[in-house]
C-alpha cells in the first residue's frame, strides 16, 4: 500500500496536508462542544449566572458546530478530488505498463485479471482515499484527544470509558483477522467471474451452435455462488460490529450515569455541580470516542480489500518485463534482411525447447515460407522477429543488427506484421488501414485505397454503405473472417515496410482470392522481404525459399521442387493436399 502511494504528486501531497489541517481543526471544534455544554450546565445551576452568559456559550457552541460542518464539507471535496486524481494516475500507469508487456506477461496475468486490476482494484484504492483518508486521520486524533481531556476529571468514569474502548479494539482485531484472507479470495474470484463472462460473450456463437447454454450457465453460477458466499461470510463477520458498538455506547452512558449518581450522593452541593458537569462531559466525550472507533470500523471494512487491491496493482507495476527495449535506432547498411543464427527457443518456465538450432537467411526481395505439421513451431519462429518473444539461444538479426539491440519502435517500423488471428479495431475502414505509425506520415486516402485493392478488398469495401468510411465493429464482428484477413493485410501494406510477416494470414481466403492476392502482393512489394507461415502448399509453392519444420527442428530448406526430391516430410505434406500430377505441373 505504501509503495503504491509513492505515486502521489506534490499537488496530491499538498491536498493531503490541507485535509490533515482541516480534520484536526474540525476535531478541535467538535471537542470544544462538550466544554461549552459543561459550562452551560454549571451556569444553569449557579444562582448568580445571567442569561447573556448562557446565550454566549450557546452561540459559541453553534459557531463551533457550523465551522466544523464547513470543515467537513471542504474535507470531503478535497478527499474526493485527491481520490479521483490518484486513481486516474494509477490507471494510466497500469495501462502504460501493460502496453509494454510482452506476450509472456499477458499470459501470466490473463486478460480478465488485468481488466479487474485496472478497474475494480483501482476503485478499491479510490474508495479508501475518498472515504478513508479523513476517517484515518480523524478517528485516532479524536479518540486520543477525547481520552486525554477526560483523564484528569474522574478516574472512576475514565475506567468505564477505557473498558468500552478495549471491547471495541478487540472486536476490530478479530474482524480484521477473519476478513483479510477472504478479501484476497474475493478479488481472485472477481477475476474468474470476469473471465467466464468474457469467454461466454466472445464465444456466444459456438455456445448456441452446440446448445451449451446450460453448461455455461452452470459454470457462471459456480463462480458466482462462490463469490457470493465469500462476500456473505465477510458481511456476517462485519454484522457483529453494529450490535457491539450499540451495546458499548449504551453500556458506557449507563455506567457513567450510574457511577456518577453514586458519587453525587456522597458529596456536598458545590461538588455535586462539578460532578454533574463531569457526567455531561464524560457522556459527550465518551460518545466522541465511540464514534471515533465506529469510523475506524468503517476503515477496517475498506482497508483489507484495498490492501489486497494495492498488492495486486503492485504485482502488475513491478512485473519484470522479459523483452527489454534496446537503444539502436539508426539507419542500417542492410535493408530487408532477416537472419537466424542457431536459434533455439523455449517458453518461460517450460522444460522443452519449441525451436532447436534454426539457421537461415532471407535476403532483400526474397519470399521465405515456413511449413510443417501443427505444433512444429512455425508461428513461434516468425514471432521472434518482432520480439513478441526473445530467442532463448542464438541470434535473430534484422538488417545486420540483433533484434535485441533495437529500440522496439525502430524495429517495428521495419515490419508489417499480419497475425494469425486478424485484429479489427472499432472505427471506420480508413481508421483500421491507417492504424499506428511507422515513423512516416499516415497513409493518405489514395494509399489506403491502393492497399485495399492489393489485398483484394476493394469489391466488398466499396459495396459497404459508406465505403471506406463504413463503421467496423469491435473485433470486426460485422464482416466475415476472410474480409477481416484482407483488411489486416491491407493495414500492413499501407505501412510500406521492409519486411512482411504473414503468420498463416491466408487461411480464411478461398484459393482464387489467395492466388490473386499473392500475385498482386509480389508485384507491389517486389523490393520487400516476405516471411510466410502457411498450411497450404499452394500459398508457398512459388516462394524463393521454403523451410520445413518438424518438432521444432529444420528438416529441409529449398525451393518447392528441391524439397519434393530431398525432403520426405515436405513431400508427405504436399501429397496430402495436391495430387502427384498437380505437383509435377506446379
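Every number in this text was worked out from the coordinates using simple rules, so none of it is lab data. Keep in mind it's a predicted model, so treat the numbers as computed, not measured. No Cβ is skipped: glycine too gets one built from the backbone with ideal geometry, and neighbour counts run over all protein chains shown.
Quick look at the numbers
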item	result
FRET efficiency estimate (nearest 0.05) - Cβ-Cβ, residue 62 to residue 321, R0 51 angstrom	0.25
Residue 178-residue 159 pseudo-label distance in nm [points 7 Å out on the Cα-to-Cβ vector]	3.0
Likely footprinting exposure, 319, 572, 39, fewest C-beta neighbours within 10 Å first	572, 319, 39
Semi-axis lengths, Å, the range 310-467, gyration tensor of Cα atoms, sqrt of 5 times eigenvalues	31, 22, 18
Estimated 222 nm signal from helices in the chain, with DSSP H stretches of n ≥ 4 weighted -39500 (n - 2.57), rounded to 500	-21000 deg cm²/dmol
Debye-sum result for the range 4-318 in log10 I(q)/I(0), which assumes one identical scatterer on each alpha carbon, at q = 0.11 Å⁻¹	-0.84
Cβ crowding within 10 Å averaged over residues, with 102-108, 337-343 ranked highest first	337-343, 102-108
Förster radius 22 Å - calculated FRET efficiency between residue 5 and residue 88, Cβ distance, rounded to 0.05	0.90
Helix 51-99 vs. the chain, principal-axis angle (Cα, 0 to 90°, nearest 10)	10
0 to 90° range, to nearest 10: angle between helix 155-202 axis and the chain longest Cα axis	20
Potential extension, residue 96-residue 565 segment - 0.36 nm per residue separation minus Cα distance	163.7 nm
C-alpha long axis of helix 269-318 to longest principal axis of the chain, angle in °	10
Added length on full extension, which subtracts the Cα-Cα distance from 0.36 nm per residue, residue 421 to residue 225	67.1 nm
Global geometry of the range 46-192, whether rounded, prolate or oblate, following the gyration tensor of its Cα atoms and the 1.5 cut on a/c	oblate
(1) 178; (2) 159; (3) 210, with the label sought being that of the calculated volume of the Cα convex hull per residue in Å³	(3)
Likely footprinting exposure, 547, 424, 302, fewest C-beta neighbours within 10 Å first	302, 424, 547
Percent of alpha-carbon pairs separated by more than 24 Å within the range 393-543	31
Calculated P(r) of the range 169-264 - Cα pairs past 17 Å, %	67
Sorted by Cβ density within 10 Å, fewest first, the residues 206, 223, 385	206, 223, 385
